[in-house]
Amino acid sequence: RDTPFVDKVSQLAAAGITIVSGAGNSGPGWGSLMNPADDAAVIGVAGLDKDGKLAAWSSRGMTLWEEPLGAGRAGVDVITHGEFWGADQHNACQHQWGTSVACPVVVGLLALLLSSLPER
């Protein structure tokens, strides 16, 4: 674990900032879940392939950093579309895939949900 990075993520979460992170693209193996998606204070996102199935490339394994004191835990909180065609930097079509591609879907949904709440 990258302690300075993890500490900063913890500080942001404690300040009430919602953090969304891709789970990683290392497949389903035990411990394939990437940092910071493996943190309990972070919304970890896995990806669906173009057929709407859990993508073979999407990380979703248990966390390892609690070991040997703990058994690890599931860290993926949301699974959404992570593979589609989109525009590249030259406005040409490009095949895009990965849990980082899935994160904007989650962030957009969170923004819509938050916008529906009454102001305090």
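In this structure, Leu54 and Phe5 have a Cβ-Cβ separation that, at R0 = 22 Å, corresponds to a calculated FRET efficiency of about 0.20. Calculate for the chain the 222 nm mean residue ellipticity that helices alone would give, adding -39,500 (n - 2.57) per DSSP H run of length 4 or more and normalising by residue count, nearest 500 deg cm²/dmol. After summing the helix terms and dividing by residue count, I get -8000 deg cm²/dmol. Would you work out what percent of the accessible area of the chain, with all protein chains in place, is carbon or sulfur (probe 1.4 Å)? Here carbon and sulfur together make up 61 percent of the probe-accessible area. Highest average first, the peptides 19-31, 108-120, 91-103 ordered by how many other beta carbon atoms sit within 10 Å of their residues are 19-31, 91-103, 108-120.
Ordering of 74-84, 49-59 by packing is 74-84, 49-59, highest average first (other Cβ atoms within 10 Å, averaged per residue).
Rolling a 1.4 Å probe over the heavy atoms of the protein chains gives the chain an accessible area of 62 Å² per residue. In order along segment 32-48, the Karplus-derived 3J(HN,Hα) couplings, from 6.51 cos²θ - 1.76 cosθ + 1.60 at θ = phi - 60°, round to 7, 5, 8, 7, x, 4, 7, 7, 4, 8, 10, 7, x, 10, 9, x, 9 Hz, and Gly and Pro are given as x. Which of the listed residues, His95, Leu109, Pro28, is farthest toward the dipole's positive end in the chain, when Lys, Arg count +1 and Asp, Glu count -1 at the beta-carbon? Of His95, Leu109, Pro28, it is Leu109. For the chain, dividing the convex hull volume of the Cα atoms by the residue count gives 140 Å³ per residue.
The values are calculated or read from the model by the stated rules, or taken from the named source; none is laboratory data. All values reported here derive from a predicted model rather than from experimental measurement. Methodologically, a virtual Cβ is constructed for each residue, glycine included, from the backbone with ideal geometry; neighbour enumeration extends over all protein chains shown. Heavy atoms of the whole protein, side chains included, go into the accessibility calculation; ligands, DNA and RNA do not. Shrake-Rupley method; radii C 1.70, N 1.55, O 1.52, S 1.80 Å.
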